[in-house]
Amino acid sequence: MKTIKILPLLVGIVALFSSCRDIINIELDSIEPKLVIDGAVTDTNDTLVIQLSKSVDYFEPGVYPIVSGAIITVSENLGDTRQLNESSPGVYSEYLPGIEGNEYTLTVDLEGKEYTAEVKMPHKVFIDSVSIEPTPDYLDFSGGYLVNCHFNDPSGVENYYRLKVSNINELSEPDDVIYVYDDAFVDGNEITLQWDEEQFLPHDTVIVELQTLAESTYEYYRTLALLFEGGMIGNANPANPISNLSNGSLGYFGAYTMSRDTIIIQE
Amino acid sequence: MKKISKTRNRLLLTLMLLTTSIASVLADENVTINGYVRSADTGEGLIGSTIYVEELKTGTATNAYGFYSLTLPKGNYTLRFSFIGYEIFSEFIGLKNDVTKDIELQPSSTEMEEIVVRSEAEDKNIRKAEMGVTKLSPKETKMIPVILGEQDILKTIQLLPGVSSGTEGTTGFYVRGGGIDQNLIILDEAPVYSASHLMGFFSVFNSDAIKDMKLYKGNAPSVYGGRLSSILDIQMNEGNSKRFSASGGLGLLASRLTLESPIVKDKGSFIISGRRSYADMFLIFSKDQAQKKTDLYFYDLNAKANYKINDNNRVFLSGYMGRDVFNIDELFALKWGNKTGTFRWNHVFSNKLFLNSSFIYSNYDYGFGYNFSDNMIYIKSGIRDLNWKEDLQYYINANNALKFGFNAIYHTYNPGEIEAADSDVFNSVFMNKKQAYEGALYISHEWNISDHLNVDYGLRYSGFMAVGPDTVYTYNEQDERINSESFADGEIVQKYKEIEPRITFNVILNRNSSLKFSYARNAQYVHLLSNSSASLPTDVWIPSSKNVKPQVADQIAAGYFRNFKNNMFETSAEVYYKDLYNQIDYQNGAEILLNQDVESQLVFGKGRAYGLELYIKKRTGKLTGWVGYTLSKTEKSMDEIDNGAWYPAKQDRTHDISIVGMYQLNEKWNLSANWVFNTGNAVTFPSGKYSVDGFTVPVYTSRNAYRMPDYHRLDLGATYTPKKKKRFESSWSFSVYNAYGRRNAFSITFQENESNPTQTEAERLSLFQMIPSVTYNFKF
């Protein structure tokens, strides 16, 4: 498992050396807006949704231009090709349930250029059980409970996971963090992943979601997460996340399975 | 074909030069005077002390053990023995036969002696034609305010042109644009892989234990090798062989103590020096839970003993051990340290031939642990070196000295192993240990051709052999393994060799000025991979292998040196140019930590660095100090990064200025100040942003196209030295680091504004503003 928490290290060093953080003005170059393709095939959502947008300069407000009028098609290796409809500006969708083991190819035609990507739907791993434990002392917060997710990693297969845990009331809120894992050192073992990003209080209903990711989807998220590490362990050579899209497009075309479980925190 | 004949030609040329110079010497009636030059108060051998023959306007200097040998025609001469900080000793001597003369020099009685960086003295024409060498005496470091009042050799050399500091709070330094791993730091000949404590605040060298320090900026003579950019050769004190002495200091963050004593008066002595910091002691008063349970400390210990068996044999045993610990409760643990041990035997074969044999052990290890889902996982790595060296110095006559020998090292690398407290969750993993032999043969000739020209030239033939047991993979463009080869114990995995010629010319124009030219080729067989913006001890050292070739550099340099006003002012202007081959960098999105296939994450290419170094120094008077300015550029080019375009190396610092001043206010007070300025590191910042899966993601264009904000700071210091009582000396040092509290950026993080997520901002983290310190020093 190769995910390392840098926040505690940073907190320790910063606190120790009377250091200081402040916001400063930096001049950055402008760039031509680039196309962003964002979407993934899943096994639980029957509709595939692809969003197209464009990038803006870094200090501009976060209002991203929508891209309409693109022709998007997806084909399955064991099925046919479907074209997606632009259901709302910049959002293209079509009925396309994800099937384990199938390969999907995306083609986007826009303004005379073509962007493609291929992805293979990974095999599903189910959550075995979910448990809770009181928040340990070393974390920033206390008095609540942390949620643990237990599952069995299939041995002999390269598995890539993503864990998402949230209060049912905050399910639709965008995430703050990406936690992705590969089974490199734990192949075939019973695995417990602890969500120590936030704690939950008694009577909270918590949704735990375990995703298994296609390799290129894992690579995308892993390199995306590197960009969110700051401070001391900040990546010396940040670069655009490794995408499976061709022709210089930003974003990714992913595939993942979802296994969900719910737990209500008891005292 | 071409390569072989080039090699042969180089060897032939060297041999030819040697035979012609030796031939000119074998004639006539010469006598040899040899011996040791020592300090009269401690018995320490004086390194680089000059012995000048007035009548012949020639002479020599002592070697690293204080040994000298001078072969002259029979006759009467006035010999002058001198060394900075000591009274000159002159003697008129009639040389009819070979004679051994050991000299003891008296320390200079004036307290207001020149605090100097030894370079060109009046005896320019007998000084070796060393170029780009800086020698620092620890006396000098005591007058410069460095962070938290600690005297620090490494911080002092970073105040000289051509040498820049790593990012504040990190270990490592850059010499002439080279990377952090391109500096070889040796303590009594043992390599020290991580030369700093506490995130770069303190170096691992306790200056109470250090006698001499020499820094070569890329053109070291052939006796040295193994790194491209610099050699920092540090010699420990031998220990007072005349009487017991103790010295030390008590400071806000760390304290130190040194004890030295003779074992047998004038025959043997020992020295033990220790330091311990206690930054974490103040944390128990913290209200923060995590801070309360934080351990943050370092300690180091230097020890050395020596014994003179007889006039021709002397043995030394020295060792160093240091450790840094940083634990945050049960959340995170970081520790690293060096351990070295050196056994040396000096043997004087004849009055002209000196031999030193060394057996060296060096171990560097680091471990870091973190809490993963309530399990402590430890990741450990390290390097262990066993080294055997034989160095011979043959002092043919006053104008010719020959040095030759060999060096053989056995390296063992542990690139990483995981240990998990709970092995149900984690499979304990071992990354294959790697073994390699690194060796070199060298020869060099120091030749005083005439009053106006001397040259130091030589050849180093170095090689590297990675051996099994090991399994080696080669990779395709998708970083997948495409081939694997297994090697048995001792089987050769990969061999490399390199011929490294070195030459430095010194043209003495007149009493006050000289010109120097040098060329050197260096090979480096070990590499440091670092992908964090700080240089943490978790950076990985890897040896050369099938996939990773040795780094090689060619450097040429030229300089003009001039003294003014009877050596009160020293000035110099040097230019250099370096071509670097087989440089390593990371591909985009590289995974380094615990990656068995880390070699697949690397890209290879070339580099180049060039610059101008200007230096002016005032050596004498109430006010002394120096100003150094470096203008430079360092770039790399890799096919896989920006299509091979030249991009700035991280450590490319266009401007680097150091102004250092020391003022002896009166008998008791000495004030000092230093101001440093440098252009920020080259960094990769975003130019745009977009949204994916609810995240705001930055867009990057070229690598290292931006700069961190400029760095500058002022340090002030004052030392109060009350009158010396009999044998007891003491002083108080006060200092302020970053006196005007400039917020120098340690890192800049681009992130969403907390209250308004559609707005992005740049957050600067700066580490140290205005840190005061007080230290009480004593010596008796």
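The values are calculated or read from the model by the stated rules, or taken from the named source; none is laboratory data. Model, not experiment: these values are computed from the prediction. FYI the Cβ positions are ideal-geometry reconstructions off the backbone, even for glycines, and counts take in every protein chain you see. The protein model used for the area step is the full one, side chains on, heavy atoms only, and it has no ligands, DNA or RNA in it. Shrake-Rupley method; radii C 1.70, N 1.55, O 1.52, S 1.80 Å.
Yes or no, residue by residue, for (1) assigned to a helix (DSSP H, G or I); (2) surrounded by fewer than 20 Cβ atoms within 10 Å (Cβ to Cβ):
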site: A:Arg222; (1), (2): yes, no
site: A:Asn237; (1), (2): no, no
site: A:Thr257; (1), (2): no, no
site: A:Arg260; (1), (2): no, yes
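Check the stretch A:203-210 and report whether any residue there is away from every other protein chain (no Cβ under 12 Å), surrounded by fewer than 16 Cβ atoms within 10 Å (Cβ to Cβ) and over 27 Å from A:Lys34 (Cβ atoms). Can you show your working first?
First, the residues of the stretch A:203-210 that are away from every other protein chain (no Cβ under 12 Å): A:203-210.
Next, from what is left, pick out any that are surrounded by fewer than 16 Cβ atoms within 10 Å (Cβ to Cβ): A:203, A:205.
Cutting the leftovers down to over 27 Å from A:Lys34 (Cβ atoms) gives us A:203, A:205.
Yes; the residues of the stretch A:203-210 include at least one that is away from every other protein chain (no Cβ under 12 Å), surrounded by fewer than 16 Cβ atoms within 10 Å (Cβ to Cβ) and over 27 Å from A:Lys34 (Cβ atoms).
Taking the stated definitions as given, is B:Arg619 closer than 30 Å to B:Pro722 by Cβ and open to solvent by less than 40 Å² (accessible area, probe 1.4 Å)?
Yes; evaluated as a whole, the condition is true for this residue.
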Exercise for the section: Output the residues belonging to the stretch B:419-446 that are at pLDDT below 75 and either hydrophobic (A, V, I, L, M, F, W, C) or assigned to a strand (DSSP E or B) (or both). Expected result: B:Glu419, B:Ala420, B:Ala421, B:Val425, B:Phe426, B:Val429, B:Phe430, B:Met431
Problem - Qualifying residue in the stretch B:581-595 (condition: under 22 Å from the mean Cα position of the chain (by Cα), within 30 Å of B:Tyr473 (Cα to Cα) and open to solvent by less than 70 Å² (accessible area, probe 1.4 Å)) - result: yes
Exercise for the section: Of the numbered conditions (1) in contact (Cβ under 8 Å) with a residue 40 or more places away in the chain; (2) open to solvent by 10 Å² or more (accessible area, probe 1.4 Å); (3) not in a strand (DSSP E or B), B:Gly218 fails exactly one; give the number of that condition. Expected result: (2)
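Considering each of B:Tyr690, B:Tyr700 in turn, give the residue that is out of contact with any Leu (no Cβ under 6 Å at 6 or more places or on another chain), among the aromatic types (Phe, Trp, Tyr) and modelled with pLDDT under 95.
Within the list B:Tyr690, B:Tyr700, the selection yields B:Tyr700.
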Problem - Pair list, Cβ under 8 Å, 6 or more apart: the stretch A:37-57 residue within 7 Å of another protein chain (Cβ to nearest Cβ) and touching a residue at least 40 places away in the same chain (Cβ under 8 Å), other residue surrounded by fewer than 20 Cβ atoms within 10 Å (Cβ to Cβ) and of a type outside the set (D, E, K, R) - result: A:Ser55/A:Ile31; A:Ser55/A:Pro33; A:Ser55/B:Val699
Practice task
Answer yes or no as to whether B:Gly341 is surrounded by fewer than 18 Cβ atoms within 10 Å (Cβ to Cβ) and either within 14 Å of chain A (Cβ to nearest Cβ) or assigned to a strand (DSSP E or B) (or both).
Solution key: yes
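Tell me the strands (runs of 3 or more DSSP E) entirely within the stretch B:708-765 that contain at least 3 residues that are more than 30 Å from B:Asn670 (Cα to Cα) and modelled with pLDDT under 85. Walk me through how you get there before you give the answer.
Working: elements: B:711-720, B:729-737, B:747-752.
In the stretch B:708-765, the matching strands (runs of 3 or more DSSP E) lie at B:747-752.
Would you be able to say whether some residue in the stretch B:626-638 is without any contact (Cβ under 8 Å) to a residue 12 or more places away in the chain and either β-branched (Val, Ile, Thr) or not in a strand (DSSP E or B) (or both)? Full working, then the answer.
Applying the first criterion (without any contact (Cβ under 8 Å) to a residue 12 or more places away in the chain) to the stretch B:626-638 yields none.
There is no residue in the stretch B:626-638 that is without any contact (Cβ under 8 Å) to a residue 12 or more places away in the chain and either β-branched (Val, Ile, Thr) or not in a strand (DSSP E or B) (or both).
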Fill in the blank from the handout: Only one of B:Thr62, B:Thr78 is over 33 Å from the mean Cα position of the chain (by Cα) and of a type in the set (Val, Ile, Thr), namely B:Thr78
Fill in the blank from the handout: Out of (1) under 20 Å from the mean Cα position of the chain (by Cα); (2) surrounded by 13 or more Cβ atoms within 10 Å (Cβ to Cβ), the one A:Leu139 does not meet is (1)
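Out of the stretch A:95-153, which residues are under 30 Å from A:Leu35 (Cα atoms) and among the charged types (D, E, K, R)? Reasoning before the result, please.
Keep residues of the stretch A:95-153 that are under 30 Å from A:Leu35 (Cα atoms), which gives A:95-122.
A:Glu100, A:Glu103, A:Asp109, A:Glu111, A:Lys113, A:Glu114, A:Glu118, A:Lys120 - these are the residues of the stretch A:95-153 that are under 30 Å from A:Leu35 (Cα atoms) and among the charged types (D, E, K, R).
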Completion exercise
Note on the stretch B:241-267: residues assigned to a loop (DSSP other than H, G, I, E, B) and farther than 30 Å from B:Leu160 by Cβ are B:Ser241, B:Lys242, B:Arg243, B:Phe244, B:Lys265, B:Asp266, B:Lys267
Fill in the blank from the handout: The condition of being under 24 Å from the mean Cα position of the chain (by Cα) and either within 14 Å of another protein chain (Cβ to nearest Cβ) or of a type outside the set (Lys, Arg) (or both) holds, among B:Gly717, B:Gly694, B:Gly680, B:Gly688, only for B:Gly680
Practice task
Select from the stretch B:734-776 the residues that are open to solvent by 20 Å² or more (accessible area, probe 1.4 Å) and away from chain A (no Cβ under 14 Å) and write down the one among them that is nearest to A:Ser55 (Cα to Cα).
Solution key: B:Tyr740
Problem - Yes/no for A:Asn247 being more than 14 Å from chain B (Cβ to nearest Cβ), in contact with an Asp or Glu (Cβ under 6 Å, 6 or more places away or on another chain) and not aromatic (Phe, Trp, Tyr) - result: no
Problem - Filter result (more than 14 Å from chain A (Cβ to nearest Cβ) and buried (at least 20 other Cβ atoms within 10 Å of the Cβ)) within the stretch B:596-607 - result: B:Gly607
